[in-house]
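This report refers to the structure that appears directly beneath it.
Please treat every number below as a calculation from the coordinates, not as lab data. Note that the coordinates shown come from a computational prediction; the quantities given were computed from them, not determined experimentally. Glycine also receives a Cβ, built like all others from the backbone with ideal geometry; neighbour counts cover every protein chain displayed.
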Amino acid sequence: MMSRVVSALAGLGLAISVTAGAQAQGIRLDRPVIGQPTQGGSPTGGGATSGLVTGITPEQGLRLLQQGGLQKGELVTIDGGGKAFRGELAGFKVVGLFVGCQGSNCSSIAFYAFFQASDSVDGNFLNAFNRDSRFSRVFLDKEGSLVLSMDMHMGGGVSPAFITQTGALFGASLKYLSEFRPS
């Protein structure tokens with residue numbers, strides 16, 4: 001475990017060095033603005049040759065997430081006119097917010113599931129889960145509910161299959177949380 005941490009920190013140091021060197025030479029490392037056409041593509045797709053998308057409509061997102069196992073999925077309008085979905089993954093109720101929207105083109109999805117926290121859910125439980133899980137995180141919200149969350153961002157372009165798989169991954173994270181016992 002310690003060697004993985006050291007390797008990760010060394011990799012981070014290398015990334016910072018590369019970034020600083022590129023900036024000193026005037027090389028741009030940034031990506032196209034979300035929702036702006038990429039080379040040979042449109043705002044919602046990376047073009048016929050790449051098949052990548054940098055944004056989706058909520059309707060497209062719902063269909064892709066249903067392919068990843070979202071059951072009883074429906075779109076809802078939230079305060080301020082934003083779009084969200086609700087449904088079930090792995091037998092658990094979930095909600096998701098479409099974020100970073102320019103018009104109906106959204107560049108991120110934030111997944112959430114809320115649970116009644118038992119007395120055994122304390123800082124040690126939260127820290128152990130967050131340490132041992134890779135893509136999702138848990139926390140207690142202001143009302144004391146246990147929240148599992150995961151973000152998915154499409155910056156630079158992702159395949160539609162990635163969106164579907166991310167929904168399935170959140171379902172797997174829900175199952176993992178339901179069985180999690182800190183060691």
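Numerical summary
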{"read-out": "Residue-wise HN-Hα coupling along the stretch 70-87, computed from phi with Karplus coefficients 6.51, -1.76, 1.60 (Hz; x: Gly, Pro)", "value": "5, 9, 6, x, 8, 8, 9, 9, 9, 3, x, x, x, 10, 9, 10, 9, x"}
{"read-out": "Phe180 paired with Phe115, simple spin-label distance in nm, labels 7 Å along Cα-to-beta-carbon", "value": "0.7"}
{"read-out": "Cα-centred dipole magnitude for the stretch 32-179, charges only on beta-carbon of K, R (+1) and D, E (-1), debye, nearest 20", "value": "300"}
{"read-out": "Mean separation of Cα contacts under 8 Å, 6 or more apart, over the residue count of the stretch 50-183: relative contact order %", "value": "29"}
{"read-out": "Ala90 long-range amide H proximity, modeled H, under 5 Å", "value": "none"}
{"read-out": "Gln71 paired with Lys93, simple spin-label distance in nm, labels 7 Å along Cα-to-beta-carbon", "value": "1.5"}
